[in-house]
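Below is one structure, written out as structure tokens; the observations come after it.
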Amino acid sequence: MRTTLLDIQTTYDLRRFVTNARNIVITCHLSPDGDAVGSTLALCRVLRNMGKRVDVVTPDMVPRSLHFVPGVRDITAFTINESRARFLVSRADLFFCLDFNSLHRIDKLGELLDKSHAPRVLLDHHLQPEPIFDLFVSYPELSSTCEIVYRVIQEMGWRNYVDKMVAQYIYLGMMTDTGNFTYSSDYPDVYEVLADLVTYNIEKQKIYNLAMNTFSADCLRLQGYALSEKMQLFPDKHAALITLDKNNLERFNYKRGDSEGLVNKPLAIPGIDWVVFLREDPDNIKVSCRSVGDFSVSEICKQHFGGGGHINAAGGDFHGTMDEAIEKVKTIINSINDF
Ligand code: 5GP
Ligand code: MN
């Protein structure tokens, strides 16, 4: 690897935390994606291979589209099994916080973590981490939390605990967070990690097909409908807006995860450089943004929707009606002059 992630002090502290821990809890953000699921399960397996007692606790359920991942059933979701989640968090003497960097990204689980005195280790690649962790391994310029986890494992000398399953978990997150190595992957270290993973005979093509090219008929129809009927283009502003309200979602038997990837689609249109997708969820309107180049949708989401993320992929929430959300987005789009 051309660069290292851990300095001497961080290596020392991490080793001390892990050595002293008897009950480790690993957690990740709401609506876990491939990177969140891959990184938590990979680290969990490595630490278990070391003989540690480790549990993955997520704020909510892993979406159906990721149920093919081995080990997902072993995850405790706070919204599904609150009492077990509470027990595991109260018993924990070490937390690993993966693929998020602010406690509100883990919902009610955040309140529990806040009350616990156990140290928190952050392994993450989102911008601007909150100062609430005892150990920071934060690299927003890197492809994925999975890449960070793998490199930390290597630098800590834990390679002996890596097996094919761990390598496949890591591959899942690196692949999904880079759009199959399209974006966020323009530096050599990504491919050094990849070269290493391939030595474990990972089933690359199978993982790609399961993670990125498998859709239910309802899901395909919903996405087709969204593009055909619910996409507005603002060519002068190089922007696109897609909206799906409650009725639209019900019509296609929407399940969580069914709109995954939709927000990227308008970027295929020449001249469209950023996209906003609004989805009416039960409690709020979920805002999801994508861009190309150095236009930061993370800034947009932070300023206007109480969210954040990465320069080219970010999200947030809107509280109000869909019509109000659409108005707000149009005002933002129109206010941007110098794209
Ligand atoms: P997505 O559009 O796929 O839901 O999210 C894209 C990126 O933005 C992800 O890296 C995710 O972590 C981040 N993100 C999505 N929603 C929120 C949010 O409500 N708050 C913050 N801080 N980040 C978000
Ligand atoms: Mn990620």
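The values are calculated or read from the model by the stated rules, or taken from the named source; none is laboratory data. Given the structure is predicted, the values throughout are model-derived calculations rather than measurements. Here Cβ is always computed from backbone atoms with ideal geometry, including for glycine, and neighbour counts include all displayed protein chains. Remember, those area values only see protein heavy atoms, side chains included, never the ligands or the DNA or RNA. Shrake-Rupley method; radii C 1.70, N 1.55, O 1.52, S 1.80 Å.
Looking for something surrounded by fewer than 23 Cβ atoms within 10 Å (Cβ to Cβ), farther than 23 Å from Asn264 by Cα and among the aliphatic types (A, V, I, L, M) - is there at least one such residue anywhere in region 164-187? Scanning region 164-187, I find at least one residue that is surrounded by fewer than 23 Cβ atoms within 10 Å (Cβ to Cβ), farther than 23 Å from Asn264 by Cα and among the aliphatic types (A, V, I, L, M), so the answer is yes.
Can you tell me which residues in region 1-49 are charged (D, E, K, R) and within 24 Å of the chain's Cα centre (by Cα)? Passing the criteria: Asp33, Asp35, Arg45, Arg48.
Going by what's in this entry, would Leu127 be described as in the same structural domain as Asp93 (by TED's automatic domain parsing), modelled with pLDDT under 95 and aliphatic (A, V, I, L, M)? Give the steps one after another, and end with the answer.
Working: in the same structural domain as Asp93 (by TED's automatic domain parsing): yes; modelled with pLDDT under 95: yes; aliphatic (A, V, I, L, M): yes.
Considered against the rule, which asks whether it is in the same structural domain as Asp93 (by TED's automatic domain parsing), modelled with pLDDT under 95 and aliphatic (A, V, I, L, M), Leu127 comes out as yes.
Can you pull out every residue in region 139-156 that is open to solvent by 30 Å² or more (accessible area, probe 1.4 Å) and assigned to a loop (DSSP other than H, G, I, E, B)? Let's see the steps before the verdict.
Quick first cut of region 139-156, residues open to solvent by 30 Å² or more (accessible area, probe 1.4 Å) only: 139-141, 154-155.
Tyr139, Pro140, Glu141, listed by residue number.
Restricting Asp317, Asp294 to residues that are away from ligand 1 (no atom under 16 Å from the Cβ) and surrounded by fewer than 21 Cβ atoms within 10 Å (Cβ to Cβ) narrows the list to Asp294.
Selection of first residues in region 255-266 that are closer than 9 Å to Gln223 by Cβ and of second residues that are of a type in the set (Val, Ile, Thr) and away from ligand 1 (no atom under 11 Å from the Cβ), restricted to Cβ pairs under 9 Å at least 6 apart or on distinct chains, gives the following pairs, ordered by first then second residue: Ser259/Ile242; Leu262/Ile242; Lys265/Ile242. Could you tell me which of the residues Ile311, Ile269 is within 16 Å of ligand 2 (Cβ to nearest atom) and open to solvent by 40 Å² or more (accessible area, probe 1.4 Å)? The match here is Ile311. Would you point out which residue out of Phe96, Phe136, Phe100 is within 30 Å of Asp283 (Cβ to Cβ) and either in a strand (DSSP E or B) or more than 16 Å from ligand 2 (Cβ to nearest atom) (or both)? After ruling out the rest, the residue left standing is Phe96.
Among the residues here, Glu324 does not qualify as more than 16 Å from ligand 2 (Cβ to nearest atom), within 21 Å of Ser184 (Cα to Cα) and in a helix (DSSP H, G or I).
Specify which of the listed residues (Val276, Val329, Val287) is among the hydrophobic types (A, V, I, L, M, F, W, C), part of a helix (DSSP H, G or I) and surrounded by 16 or more Cβ atoms within 10 Å (Cβ to Cβ).
Details: Val276 fails: part of a helix (DSSP H, G or I); Val287 fails: part of a helix (DSSP H, G or I).
Only one candidate qualifies: Val329.
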